Amino acid sequence: MLADRLGRSKSWVDKVERGVRALDKVSTFRDIAVVLRVDTSVLLGRDVQPSEVTERAAGVERIRAALSTYDIALGAGAARSVVLPADRLARNVSHAWITFQHARYPQAVVLVPGLLAAAQRVHADAPEPGRAALVEAYRVTASLLVKLGEGELGWLAADRAVSAAAGDPVLVAAACVQLGQALRASGRARAARSVTLAAAYRIAPPDPDDGIPAELSLCGTLLVQAALAAARDGDHRSVADLLDEAGDLAARVGDGHDHHATAFGPTAVDVARAAAAVELGAARDAVAWHEKAVRRNAWRWLPPEHRAAHLLDAARAYLLDAARAYLRAGDPRGAGRVLLDAERAAPAELRHRPAARQVIAQATRTPHAPATLVQLALSLGVT
């Protein structure tokens with residue numbers, strides 16, 4: 001009866017039941033579920049997790065509300081506000097960055113509104129001592145918003161970071177990393193390139209050998225951001241020049257560091273080359289750079305968010321970029337492999353990022369998508 005209703009042979013059904021034949025298409029899962037009158041989760045043998053789309057939207061609205069509050073600037077309710085000690089605020093900012101870098105986006109969404117309010121109060125109470133913490137609070141907020149596909153709102157947070165940092169070249173450079181990401185995510189690649197280059201060359205030491213690692217990391221990260229913006233414009237020559245320049249700085253910094261939450265080093269530059277190649281449509285080059293990067297020992301030292309993120313933000317979707325490149329190169333199994341690697345490295349990356357879900361949907365529509373990838377798509381509600 002099942003075979004008849006599916007329009008398949010009894011032999012086909014028997015092979016599927018015995019595990020001889022894999023179910024490797026979303027449409028086949030759907031057809032069987034409809035005939036059996038069950039949810040697709042039953043066929044997968046596990047509960048299907050919700051897509052968390054509603055929760056993500058609610059979290060973004062809470063952050064939007066926090067960015068829309070001007071009580072402290074207007075002096076409203078200041079007397080009733082509790083001002084955290086500077087060291088406690090610094091720990092809270094560090095915790096928010098760690099949460100973000102470990103791709104714990106739902107937790108980060110919960111932390112950010114309170115962090116912004118606390119940083120604003122400390123800055124109002126002691127403007128100069130509290131400035132760095134306020135800039136960092138806006139930076140991590142901007143990174144999170146861009147990650148969640150909210151480029152315009154991320155631009156607002158990054159702009160606030162730059163304004164708060166005014167007068168301190170290093171803080172301005174750090175804030176411009178997120179500003180470049182937000183501008184690029186909002187479709188303003190030329191503006192992103194201009195601002196990141198200006199910030200990079202403002203803090204670049206006359207002699208790189210005399211530069212300190214923290215500032216070299218910022219300068220190199222800004223050059224990477226400028227290169228990715230140039231790639232969005234299809235400027236091959238500028239991409240190569242900027243990434244070569246960033247590579248020279250990375251060689252001086254080395255791998256295994258996270259100055260100013262950049263994780264900048266030779267491995268980061270290699271994965272940026274892969275991301276730029278994807279933007280330029282050079283799929284095979286992108287795959288080659290990706291595979292070179294993941295063979296480095298330092299690949300494991302990058303934060304999970306850096307390893308699993310998409311090219312839309314500073315931390316980058318190295319595995320997802322590679323997946324898109326594999327697809328363009330005509331290797332859907334390679335795409336499935338790196339997407340599953342991304343899911344293991346940072347599950348929230350695939351569950352909460354719109355860009356990640358688009359790549360998964362694209363991969364599962366290929367004729368020879370692996371069954372494991374189809375199961376992942378179904379568990380995420382992506383078809």
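Computed from the coordinates by the stated procedures, all read-outs in this text should not be read as laboratory data. These numbers come from a predicted model, not from an experiment. Ideal geometry is used to build each Cβ from the backbone, glycine not excepted, and the neighbour counts take in all protein chains shown.
Can you give the local net charge around residue 84? Use residues other than it whose beta-carbon is closer than 13 angstrom to its beta-carbon, Lys and Arg +1, Asp and Glu -1.
+1
Counting Lys +1, Arg +1, Asp -1, Glu -1, what net charge surrounds residue 213 among other residues with beta carbon under 13 Å of its beta carbon?
Computed value for this residue: -4.
Suppose each label sits 7 Å from its Cα in the direction of the beta carbon; what would the residue 8-residue 372 distance come out to in nanometres?
My value for the distance between the label points is 2.2 nm.
May I ask you to derive the relative contact order of the stretch 113-225, considering only C-alpha pairs under 8 Å and at least 6 residues apart, and to give it as an integer percent?
Dividing the mean separation by the residue count of the stretch 113-225 yields 20 percent.
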